[in-house]
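A short write-up of the structure that comes next.
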Amino acid sequence: MTLTGSNGRAGDRPAAPPLRIAAAGDMHCQPSRAEEARAAFASLEGRIDLLLLAGDLTTRGQPEQAQVLADACRPLDVPIYAVWGNHDWHSDQIDEIRPILEDAGVTILDRDSATVCVGPTEVGLVGLKGFVGGFPGSHLPDFGEPLLRALYAETTRDVEALDAGLKAVAHCPVRIVLLHYAPTAGTLRGEPETIWTMLGNDRIAAPIAQHEPDMVLHGHAHVGTFEGRIGDVPVYNVSVPVLGRDFWVFELSGLERAIAPLH
Ligand SMILES: [Fe+2]
Ligand SMILES: [Fe+2]
């Protein structure tokens, strides 16, 4: 796999049309910004094939906030997949906001995988929120109080789900992992190192390094860095404040597995 701006390949096989994937995290939707959300999503009309939302869909996980996102998504005629962020859990109303989003055509990936056909290309998606946990030098241990061990076990379940999901979509010519928390410190640079433990964990990187999906997307680190890597796998922090715009549109040519981060 290469990261390039070129989609061309010599030979007599016609190139498949590039896949245009819009992504963003940390929209933090709320009623006072409903018009901004509507306009941002409307700007994607006719420009993309697939939309991926990397969590913190709402400000505090309240139904009226989810309704803002649902109303913005509903007019779009493309598949939309999302993962939860920590903000979406804050009001303990996940069971209330999930159907609001699903009714607008948003599929939530919560330790799940899915395949979606976009033209001739079958895209495999694996999505989960992820969690805190830290990076070399700051790992939370699997030791001591039950709460601390429960936190470690939560990420163990994430690692197992990601491994299973990537096995389930192994046949897809294009495979994308969608997270909220960061799987590498590379995309946290810019955030104070004292809070990196709260921004993600690198245990989740193991199945990514093993299965080598084409691209990993995450959010949560609002002042982190756009681009990082896990081995040869490109990792993008698509948090809206990092992007400095509403969405990033990736162009991905399925035959060559070449990803061009357009804008
Ligand atoms: Fe956020
Ligand atoms: Fe977050």
Matching residues in region 158-216 - criterion: being over 15 Å from G134 (Cβ atoms), of a type in the set (A, V, I, L, M, F, W, C), part of a helix (DSSP H, G or I) and in contact with a Ser or Thr (Cβ under 8 Å, 6 or more places away or on another chain): A164, L166, A168
Long-range neighbours under 7 Å by Cβ, at least six apart or interchain, first residue more than 26 Å from W89 (Cβ to Cβ) within region 36-57, second within 16 Å of ligand 1 (Cβ to nearest atom) and aromatic (F, W, Y): L44/F247
Selected residue (criterion: surrounded by the fewest Cβ atoms within 10 Å (Cβ to Cβ)) from residues of region 38-93 that are within 16 Å of ligand 1 (Cβ to nearest atom) and among the β-branched types (V, I, T): T59
Candidate set from region 115-129 (those that are surrounded by fewer than 17 Cβ atoms within 10 Å (Cβ to Cβ) and not charged (D, E, K, R)); member that is farthest from ligand 1 (Cβ to nearest atom): P120
Check on G105, farther than 23 Å from V242 by Cβ, away from ligand 1 (no atom under 16 Å from the Cβ), among the small types (G, A, S) and out of contact with any helix residue (DSSP H, G or I) (no Cβ under 7 Å at 6 or more places or on another chain): no
Test: residue in region 173-196 that is of a type outside the set (V, I, T), under 19 Å from I21 (Cβ atoms), out of contact with any helix residue (DSSP H, G or I) (no Cβ under 9 Å at 6 or more places or on another chain) and surrounded by fewer than 18 Cβ atoms within 10 Å (Cβ to Cβ): yes
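Yes/no matrix, rows are residues, columns are (1) touching a strand residue (DSSP E or B) at 6+ places or on another chain (Cβ under 8 Å); (2) within 13 Å of ligand 2 (Cβ to nearest atom); (3) among the aliphatic types (A, V, I, L, M); (4) modelled with pLDDT of 95 or more:
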residue: L179; (1), (2), (3), (4): yes, yes, yes, yes
residue: G190; (1), (2), (3), (4): no, no, no, yes
residue: A206; (1), (2), (3), (4): no, no, yes, yes
residue: H218; (1), (2), (3), (4): yes, yes, no, yes
residue: V223; (1), (2), (3), (4): yes, yes, yes, yes
residue: R245; (1), (2), (3), (4): no, no, no, yes
residue: S253; (1), (2), (3), (4): yes, no, no, no
residue: L262; (1), (2), (3), (4): yes, no, yes, no
Pair list, Cβ < 8 Å and 6+ apart or interchain, from region 212-223 residues that are more than 16 Å from ligand 1 (Cβ to nearest atom) to residues that are acidic (D, E): E212/D232
Selection within region 74-99 - within 16 Å of ligand 2 (Cβ to nearest atom) and touching a Leu at 6+ places or on another chain (Cβ under 6 Å): A82, V83, D88
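The values are calculated or read from the model by the stated rules, or taken from the named source; none is laboratory data. Fair warning: this is a prediction, and the values are worked out from it, not measured in the lab. Don't worry about glycine lacking a Cβ; one is built from the backbone with ideal geometry, like all the others, and counts go over all protein chains shown.
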